[in-house]
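The values are calculated or read from the model by the stated rules, or taken from the named source; none is laboratory data. Quantities reported herein were computed from a predicted structural model and do not represent experimental measurements. Here Cβ is always computed from backbone atoms with ideal geometry, including for glycine, and neighbour counts include all displayed protein chains. For accessibility, only protein heavy atoms count, side chains too; no ligands or nucleic acids. Shrake-Rupley method; radii C 1.70, N 1.55, O 1.52, S 1.80 Å.
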Amino acid sequence: MALLLDLANIVGGFLLAIALLSLIPRAGDDLRRIAERIGAFGWLVGIVALVTGGYYLIVHLISGPQVFHFEVVGIGVGIALLWDRLTGRAAPDTDARTAGGPSSGGAVAGARLLLAIFGVIAIIVGIQGLFTPDG
């Protein structure tokens, strides 16, 4: 179950951070193509992140020892990936080619950047979770 949380953090973080990752020279286009292929399954990654993060949050609140950042980030990733399905409003576009363009407002560009930075954090937390012993 912990592996599912870590993988959901990594994949979900990748989907959220693609706006920044696509700006990497020589690798950005390939990363964007990969994100477009797995982007259709973003809702599934979001559900896995919400369920596993919620499960570990409940377990650690009830039996301790403490709430860890892995589950908090997982819940955040799940909410971010499922934002349009939860609220009925479209999530900010994460395409780097249109992010921050002249037609986008400053708040929308800021939300895109915030989601991308949170995605990078989620990738790091997911990788850390792979190397952290359970128990």
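A few remarks follow.
- The residues of region 1-28 that are open to solvent by 50 Å² or more (accessible area, probe 1.4 Å) and either among the basic types (Lys, Arg) or under 13 Å from Leu50 (Cα atoms) (or both), listed by number, are Met1, Leu4, Leu7, Arg26.
- Residue within region 95-112 that is open to solvent by 70 Å² or more (accessible area, probe 1.4 Å), at pLDDT below 90 and not in a loop (DSSP other than H, G, I, E, B) present: yes
- Selection within region 39-68 - open to solvent by 30 Å² or more (accessible area, probe 1.4 Å), under 13 Å from the mean Cα position of the chain (by Cα) and among the hydrophobic types (A, V, I, L, M, F, W, C): Phe41, Trp43, Leu44, Ile47, Val48, Leu50
- Cβ separations smaller than 6 Å between residues 6+ apart or across chains give no pair from region 113-135 residues that are polar (S, T, N, Q) to residues that are surrounded by 15 or more Cβ atoms within 10 Å (Cβ to Cβ).
- Of residues in region 69-94 being assigned to a loop (DSSP other than H, G, I, E, B) and either open to solvent by 60 Å² or more (accessible area, probe 1.4 Å) or modelled with pLDDT of 90 or more (or both), the one farthest from Gly119 (Cα to Cα): Gly88
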